[in-house]
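Below is one structure; the comments refer to it alone.
The values are calculated or read from the model by the stated rules, or taken from the named source; none is laboratory data. This structure is a prediction, so every number in the text was calculated from the model and none was measured. Heads up, the Cβs are rebuilt from the backbone with ideal geometry, glycines too, and the neighbour counts pull from every protein chain shown.
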Amino acid sequence: MAKSSFVVGIGGNIGSGKTTLAKIFQEFGAEIVDADRIGWSLLKKSTKEYRKVIKTFGESILDKDQNVDRKKLGEIIFANPRKLRTLNRIVHPALLSKLRQEIRKKEGMVVIDAALLFNWRMEKEIDAAILVSAPKRLKIERIRKLGMSRKEVEQRLNRQMPETMMAKKADFIIKNNGTRQDLRNKAAELWQLFSKCQST
């Protein structure tokens, strides 16, 4: 997809540890493309997506500085599947366009950190797709440490593609049910494999 590059996508549910895995690959030397960062950059003031979201969901989702408040917007969209789909229709076309642009600009080992990797069917466009898997109990535990209620975590998990469906699309599945060092060891094995693939 990108010139002189080997592109790896990382997908998985909230709390699975996909961003932690991406950061480990970054430590190994990978260039990271963060889909979440791109998505939120599209909701900065003055963008057409920002204006559409305010028009659709109202000014109650703004903070005192007129920025979109992630928590307020999250409470609305994850409580209502129809509203989540509406937001996705507003943001995803531009997000995917920018995501592909960023990938094309990079060289070497490129890692995409994207919760919706498999929803977007990006596994068909890249060299390798990884699913980061974890037991539901662990996902809930990890996200609750960030200050989210159990109900909020459950709502988000219920709106995401089940791991069983993602597993059918993935080239590799990493079980992240141990320590960060365990995850790093698994990542190192894949890194060696990807490095060989890149050099051939």
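Find the residue count for segment 1-52, including only residues that are of a type in the set (A, V, I, L, M, F, W, C) and farther than 28 Å from residue 142 by Cβ. So that I can check it myself, show each step before the final result.
Going residue by residue through segment 1-52, those that are of a type in the set (A, V, I, L, M, F, W, C) are 1-2, 6-8, 10, 14, 21-22, 24-25, 28, 30, 32-33, 35, 38, 40, 42-43.
Checking the rest, the ones that are also farther than 28 Å from residue 142 by Cβ come to 1-2, 6.
Selection size over segment 1-52: 3.
Within segment 148-163, being closer than 18 Å to residue 17 by Cβ and not acidic (Asp, Glu) holds for 148, 153, 156, 157, 160, 161, 162. Applying the set (1) at pLDDT 95 or above; (2) more than 17 Å from the chain's Cα centre (by Cα); (3) surrounded by 14 or more Cβ atoms within 10 Å (Cβ to Cβ) to residue 55 leaves exactly one unmet item: (3).
Among the residues in segment 145-152, are any at pLDDT below 95 and more than 29 Å from residue 42 (Cβ to Cβ)? Walk me through it before giving the result.
First pass over segment 145-152, keeping only residues at pLDDT below 95: 145-152.
Restricting the remaining residues to those that are more than 29 Å from residue 42 (Cβ to Cβ) gives 150.
Yes; the residues of segment 145-152 include at least one that is at pLDDT below 95 and more than 29 Å from residue 42 (Cβ to Cβ).
Which residues, counting only those in segment 141-200, are in contact with a strand residue (DSSP E or B) (Cβ under 8 Å, 6 or more places away or on another chain), within 30 Å of residue 71 (Cα to Cα) and basic (Lys, Arg)? Listed by number, the list holds a single entry, 175. Spot the failing condition for residue 113; the list is (1) within 24 Å of residue 169 (Cα to Cα); (2) modelled with pLDDT under 95; (3) under 17 Å from the mean Cα position of the chain (by Cα), and only one is missed. The number of the failed condition is (2).
How about segment 110-133: which of its residues are more than 20 Å from residue 34 (Cβ to Cβ), touching a Gly at 6+ places or on another chain (Cβ under 8 Å) and not polar (S, T, N, Q)? Answer for segment 110-133, where residues must be more than 20 Å from residue 34 (Cβ to Cβ), touching a Gly at 6+ places or on another chain (Cβ under 8 Å) and not polar (S, T, N, Q): there is none. Restricted to segment 143-185, and to residues there that are touching an Asp or Glu at 6+ places or on another chain (Cβ under 9 Å) and of a type in the set (Asp, Glu), the residue that is surrounded by the most Cβ atoms within 10 Å (Cβ to Cβ) is 152. Determine whether segment 123-131 contains at least one residue that is acidic (Asp, Glu), loosely packed, with under 14 Cβ neighbours inside 10 Å and part of a helix (DSSP H, G or I). No, segment 123-131 has no match at all. The helices (runs of 4 or more DSSP H) located wholly in segment 132-178 that include 2 or more residues which are within 20 Å of residue 72 (Cβ to Cβ) occupy 136-144, 150-158.
Is one or more of the residues making up segment 159-170 among the small types (Gly, Ala, Ser) and modelled with pLDDT under 95?
So in segment 159-170, the residues among the small types (Gly, Ala, Ser) come out as 167, 170.
Right, trim to modelled with pLDDT under 95 and you get none.
No, segment 159-170 contains no residue that is among the small types (Gly, Ala, Ser) and modelled with pLDDT under 95.
In the list 59, 31, 49, which residue meets the criterion of being over 30 Å from residue 173 (Cβ atoms) and touching a residue at least 40 places away in the same chain (Cβ under 8 Å)?
Numbers: 59 fails: touching a residue at least 40 places away in the same chain (Cβ under 8 Å); 31 fails: over 30 Å from residue 173 (Cβ atoms).
None of the other options fit; the residue is 49.
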